[in-house]
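What follows is a short report on a single structure.
The values are calculated or read from the model by the stated rules, or taken from the named source; none is laboratory data. In this text, all values refer to a predicted model and were calculated from it rather than measured experimentally. Neighbour counts run over all protein chains shown; Cβ positions are idealised from the backbone, glycine included.
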């Protein structure tokens with residue numbers, strides 16, 4: 001996410017909708033990606049992203065520049081996504097039945113077209129992420145998708161840096177075992 | 001450094017470039033000497049890093065901003081209506097406040113007067129009762145004194161027991 005200037009934030013907090021739209025353009029890519037990856041549903045990702053930006057707009061005047069603006073937005077996005085995931089977790093568990101479909105897709109030989117390969121990759125990634133709990137998934141997404149440091153992740157999630165380390169370790173051990181079990185082919 | 005510690009570092013700090021130089025040197029030295037840990041490093045990179053190489057940001061749908069904008073404008077309109085209602089309520093409560101003090105004062109005074117009167121009434125009636133009781137007691141005593149059968153008792157009471165007293169009295 002690109003840096004957002006203090007002037008823009010102050011203008012938006014003063015009620016300037018044009019300034020807020022600029023903030024939206026600079027941060028919507030990340031917000032939507034994180035929300036989508038945490039929840040795992042395109043339909044819900046749109047609703048939750050909308051909720052995230054409405055919360056940002058409502059609370060802009062309370063933002064006092066004590067933390068980074070980027071960190072603040074990440075925090076709102078992650079909290080909304082995790083809360084939604086937890087509320088709907090029963091529905092999401094049922095989606096685990098696509099394992100068989102994934103295996104079929106993964107069984108395509110080396111002559112598959114690039115579109116199918118891309119789809120396999122995407123579905124394998126979704127499968128991997130679906131095996132993690134929301135806390136582990138969030139850490140992996142913030143680390144692998146956005147390239148944030150342990151310190152930044154700890155600040156966003158308001159947890160200890162060792163907790164970040166521990167969650168990443170557990171998530172990666174699980175991913176490692178999944179690949180070794182052959183649930184996901186690793187010729188990605 | 002033992003293999004357990006080395007593997008922990010490989011799966012976290014090492015692949016995320018979060019290690020300080022001293023620790024990194026130590027790990028590298030261990031990896032040079034330990035085949036098992038080197039193989040583990042390759043597995044981790046393949047299973048944990050590789051799938052996310054093609055991890056891309058997912059772009060939001062084009063109609064997301066229009067929906068957000070509509071919702072923001074709707075909230076602004078709602079909050080301006082709410083503040084108008086608040087102003088009206090405040091006006092009414094201000095008017096009430098102006099007249100409240102004299103009305104409260106009048107009621108308080110009346111209540112005080114009533115309380116004082118009822119206290120005084122009960123005190124007066126208590127005093128009257130005491131006076132009445134006293135009078136009744138006195139009357140009983142007097143009638144008691146006038147009774148014939150008590151004459152003897154009276155003389156007994158009046159017996160001082162000496163001849164001189166009897167002579168003079």
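A few comments on the model shown:
Results for (1) part of a helix (DSSP H, G or I); (2) over 22 Å from residue A:164 (Cα atoms); (3) in contact with a helix residue (DSSP H, G or I) (Cβ under 9 Å, 6 or more places away or on another chain), shown as yes or no for each residue.
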| residue | (1), (2), (3) |
| --- | --- |
| B:1 | no, yes, yes |
| B:4 | yes, no, no |
| B:11 | yes, no, yes |
| B:18 | no, no, yes |
| B:48 | yes, no, yes |
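- Just so you know, in the stretch A:57-71 the residues that are surrounded by 19 or more Cβ atoms within 10 Å (Cβ to Cβ) and under 21 Å from residue A:148 (Cα atoms) include one that is farthest from the other protein chains (Cβ to nearest Cβ), and it is A:69.
- The single residue among A:4, A:9 that is over 22 Å from the mean Cα position of the chain (by Cα), farther than 22 Å from residue A:134 by Cβ and in contact (Cβ under 8 Å) with a residue 60 or more places away in the chain turns out to be A:9.
- Hits in the stretch B:30-55 (condition: surrounded by fewer than 11 Cβ atoms within 10 Å (Cβ to Cβ) and at the interface with chain A (Cβ under 10 Å from one of its Cβ atoms)): B:53
- Residue B:65 vs. criteria modelled with pLDDT of 90 or more, more than 30 Å from residue B:2 (Cα to Cα) and surrounded by 10 or more Cβ atoms within 10 Å (Cβ to Cβ): yes
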